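*Asks:* Below you will find the structure I want to go over with you.
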Amino acid sequence: MENKYKDKIIKTETFKCMLCHNAACTKACPNGFDPARFIRSIRFENKDGAYDMADAQICATCNAPCENSCIHYDGKIRIKDIITSLDAKKIDTSDVDLGIDFAGIHCINPFFLSSSVVASTYEMCAKALDMGWGGIVFKTFGYYIPDEVSPRFSTLEKEDNPFVGFKNLEQTSTHSLEENLSILKRLKENYPDRIIGASIMGENEEEWTSLAKLSEEAGVDIIECNFSCPQMAKNGMGSDVGQNIDLVSRYVKATKAGCSIPVLAKMTPNIGNMELPALASISSGADGIAAINTVKSITGVDLYSFESYPTVAGKTSISGYSGKAVKPIALRFITDMKKNETLKNYPISGIGGIETWQDALEFMALGCENIQVTTAVMQYGYRIIEDMISGAKIYLKKMGYKSISEVVGKALDQIVSADHLDRSTVEFPVIDKEKCIKCGRCYLSCYDGGHQAIDFSDDGPKIIGKNCVGCHLCRLVCPVDAINKSKRIKKVGR
């Protein structure tokens, strides 16, 4: 493998992998190695964890039956090349602690399933907890039992990524209240060291109080008030509540009246200022905040039938959007709340576009003590917890941290208002001629969408210094990472 493109090729190959269940490549390995698990670790930003699984010397002399058994539809994944060229090292993480306190409750790790279809039966939750998740927030339930539609999901695609964003029409649990309470009771009895949360939704204050009381009696550790589901078919529920400060306040008080355990208020992002309902929740007795729920959306229109997605007998409705695409929105709302003088002292469970340990720790660096995941599990399965745990431990070890709690809030001071950004200096792009393949993508983007600061010839691209403003659009579009940053210098004339 060419050294200058090694990292790019590894990334390309691992992203081609279909992440099979019961993978043929692993079954074919004569040495007991798990190449499917190895590739998955690289895919989920855990390169050092992947290296720890492999024996490059053994793989280098192997005839690669794993590759020959690969079922990829467009040629085998270059598993052997990836293994033998991976630049990483084994790291001992035995002294790193992922345990953290959240809302007064100790969690073995901060990684939870969020209230959704991924945490809606006993068997599902038990499987997840057995695999290492620190807790679950059970799918929202109440006295109201909805009728669901079919189909109920759609995705937003971009180029070769079929899952940029995810839209759902799911409402609350379709199981009876008694069944849901029974599941919660059984989960807590069988998993006493894990945090079992109940997400509840009532139609009036009496129901919120009753649901809180019944949930605590079932043994749950924490209650989450769903003030934020954007696709409830009944008025006065979900995000209708989260956008109404008076209802938020009344329903938090009603919930607290029914229980003595911690209560979280789950916020809707379908609002300009999340601090307002969050403050109303805290002033009414909530012990913390969960944010965000899904963003109201229409993901697309079929231009031949003029139906929108997901199409239910030719119709659809505005409903919740999630997945990686909403992570920046979630991080913005988390930051807003953690910068608020009152809210900064209250725990926040972060939700929205979390797929990897790195995503999770970004939320924690902005102040969250806990994170919740749904869409990534729907796409990849509960097994992503393996690399969340391994990757987080390795990161903490490399950074010199002993506990994951040391990361909480570390990035907040770096977020400032626009008028406090340094506008007197600049970083210019620098083209690496050895890596550049002369594709001209940087030229196209700079000329048509930037400052016409790149010239292009048979020799490749060249920066026009007098035109360049250091915006770095060229660096972002380069497909082979051949553009770097210069040192930051003073702008001319400043």
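*Asks:* For the ranges 121-127, 333-339, what's the packing order if you count other beta-carbon atoms within 10 Å of each residue, average per peptide, and put the highest first? All intermediate terms of the calculation are to be shown ahead of the outcome.
*Replies:* Working: 121-127: 16.9, 333-339: 20.6.
In decreasing order of mean packing, 121-127, 333-339 become 333-339, 121-127.
*Asks:* Something else now. Looking at this model, which pairs from K4/K89; K8/K398; K344/K487; K127/K410; K188/K266; K158/K327 are more than 26 angstrom apart at the alpha-carbon?
*Replies:* Numbers: K4/K89 20 Å; K8/K398 23 Å; K344/K487 35 Å; K127/K410 33 Å; K188/K266 22 Å; K158/K327 16 Å.
Result: K344/K487; K127/K410 exceed 26 Å.
*Asks:* Kirkwood hydrodynamic radius for region 350-494: how many Å is it when counted over pairs of different Cα atoms? Present the calculation step by step, with values, prior to reporting the outcome.
*Replies:* Numbers: mean 1/r = 0.0539 Å⁻¹.
One decimal place: 18.5 Å for the Kirkwood radius.
*Asks:* Binning at 5 angstrom from zero up to the longest distance, how are the C-alpha pair distances of region 422-490 distributed in percent?
*Replies:* 3, 18, 32, 25, 14, 5, 2, 0
*Asks:* So between V312 and K6, what do we pick up on full extension, going 0.36 nm a residue minus the alpha carbon distance?
*Replies:* Numbers: separation 306, 0.36 × 306 = 110.16 nm, distance 4.59 nm.
The V312-K6 span can extend by a further 105.6 nm.
*Asks:* While we're here: Can you compute the FRET efficiency between Q379 and V492 using 1/(1 + (r/R0)^6), with r the Cβ-Cβ distance and R0 = 51 Å? Round to the nearest 0.05. If you can, show how the numbers build up before the last one.
*Replies:* Working: r = 48 Å, r/R0 = 0.94.
For Q379 and V492, the calculated efficiency is 0.60.
*Asks:* What's the FRET efficiency of S260 with Q414 using the Cβ-Cβ distance as r and R₀ = 25 Å, to the nearest 0.05?
*Replies:* The value I calculate is 0.05.
*Asks:* Once you put a point 7 Å from the Cα of E427 and another 7 Å from the Cα of V469, both along the Cβ direction, what distance in nm separates them?
*Replies:* 1.8
*Asks:* Separation between the R332 and C439 pseudo-spin-labels, each 7 Å from Cα along Cα→Cβ, expressed in nm?
*Replies:* Output for this residue pair reads 2.9 nm.
*Asks:* Next question. Where the centroid of each part is defined by its Cα atoms, how far is region 395-425 from region 446-494 in Å?
*Replies:* 28
*Asks:* Using bins 5 angstrom wide from zero, how does P(r) for region 1-140 break down, in % of all Cα pairs?
*Replies:* Computed distribution, short to long bins: 2, 9, 15, 17, 16, 13, 13, 10, 5, 2, 0.
*Asks:* May I ask you to order 430-441, 364-375, 4-15 by the average number of other C-beta atoms within 10 Å around their residues, highest value first? Present the calculation step by step, with values, prior to reporting the outcome.
*Replies:* Working: 430-441: 14.0, 364-375: 26.1, 4-15: 15.8.
Result, highest mean first: 364-375, 4-15, 430-441.
*Asks:* Through the Karplus equation 6.51 cos²θ - 1.76 cosθ + 1.60, θ set to phi - 60°, convert the phi angles of region 391-405 into ³J(HN,Hα) values in whole Hz; use x for Gly and Pro.
*Replies:* For region 391-405, the Karplus curve yields x, 5, 4, 5, 4, 4, 5, 5, 7, x, 8, 9, 9, 5, 5 Hz.
*Asks:* What is the distance in Å between the Cα centres of region 287-347 and region 1-59?
*Replies:* Using only Cα atoms, the two centres lie 33 Å from each other.
*Asks:* Right, something else. Can you sort E205, E341 so the residue with the fewest Cβ neighbours within 10 Å comes first? Show your work: numbers first, answer last.
*Replies:* Details: E205 16, E341 6.
Least to most surrounded, the residues fall as E341, E205.
*Asks:* Relative contact order, percent, of region 123-186 when contacts are C-alpha pairs under 8 Å separated by at least 6 residues?
*Replies:* Numbers: 56 pairs, mean separation 20.4, N = 64.
It comes to 32 percent, rounded to a whole number.
*Asks:* Then there is this: Give me a comma-separated list of calculated 3J(HN,Hα) values for region 151-160, in order, Karplus coefficients 6.51, -1.76, 1.60 applied at θ = phi - 60°, integers in Hz, x for any Gly or Pro.
*Replies:* Using θ = phi - 60°, the values come out as x, 10, 10, 8, 10, 9, 10, 8, 6, 9 Hz.
*Asks:* With a 10 Å Cβ neighbour count serving as the proxy for reagent exposure, in which order, fewest first, do V220, V96 appear? List each step's numbers first, then the result.
*Replies:* Values: V220 27, V96 17.
Exposure proxy ranking, most exposed first: V96, V220.
*Asks:* For T155, list long-range residues whose amide hydrogen, built 1.01 Å from N in the peptide plane, is under 5 Å from its own amide hydrogen.
*Replies:* Answer set, sorted by chain and number: K167.
*Asks:* Under a cut-off of 19 Å between alpha-carbon atoms, report the aspartates and glutamates in cross-link reach of K256, not counting same-chain residues fewer than 8 places apart.
*Replies:* Within the straight-line limit of under 19 Å, K256 reaches these aspartates and glutamates: E203, E205, E206, E207, E216, E217, D221, E224, D246, D287.
*Asks:* HN-Hα J couplings of region 252-266 from phi, Karplus 6.51/-1.76/1.60, θ = phi - 60°, integer Hz, Gly and Pro as x?
*Replies:* Taking θ as phi minus 60°, the curve returns 5, 4, 5, 5, 4, 5, x, 8, 10, 8, x, 10, 9, 9, 8 Hz for region 252-266.
*Asks:* Here is a follow-up. How far, in nm, would the chain grow between E217 and K339 when pulled straight, counting 0.36 nm per residue and subtracting the alpha carbon separation?
*Replies:* On the way: separation 122, 0.36 × 122 = 43.92 nm, distance 3.59 nm.
Difference between extended and current length: 40.3 nm.
*Asks:* Suppose every K and R has +1 on its Cβ and every D and E has -1 on its Cβ; what is the size of the dipole of the chain about the Cα centre, in Debye to the nearest 20?
*Replies:* Values: 58 positive and 62 negative charges, 335 e Å.
The dipole of the chain has a size of about 1600 debye.
*Asks:* Using alpha-carbon pairs under 8 Å, 6+ residues apart, how would you state the relative contact order of the chain in percent? Can you show the working numbers first?
*Replies:* Working: 978 pairs, mean separation 64.6, N = 494.
Relative contact order of the chain: 13 percent.
*Asks:* So how many Å³ per residue does the convex hull of the Cα atoms of the chain work out to?
*Replies:* Values: hull volume 89.2 nm³, N = 494.
Taking only Cα atoms, the chain has a hull volume of 181 Å³ per residue.
*Asks:* Hey, rough spin-label estimate for K398 and D74, points 7 angstrom out along Cα→Cβ, what's it come to in nanometres?
*Replies:* Between K398 and D74, the simple spin-label model gives 2.9 nm.
Taken together, the values in this text are just the output of simple stated rules run on the coordinates, not laboratory data. Computed from a prediction, not measured in an experiment: that's the story for all the values here. Counting neighbours? That spans all protein chains shown, and the Cβs are built from the backbone with ideal geometry, glycine included.
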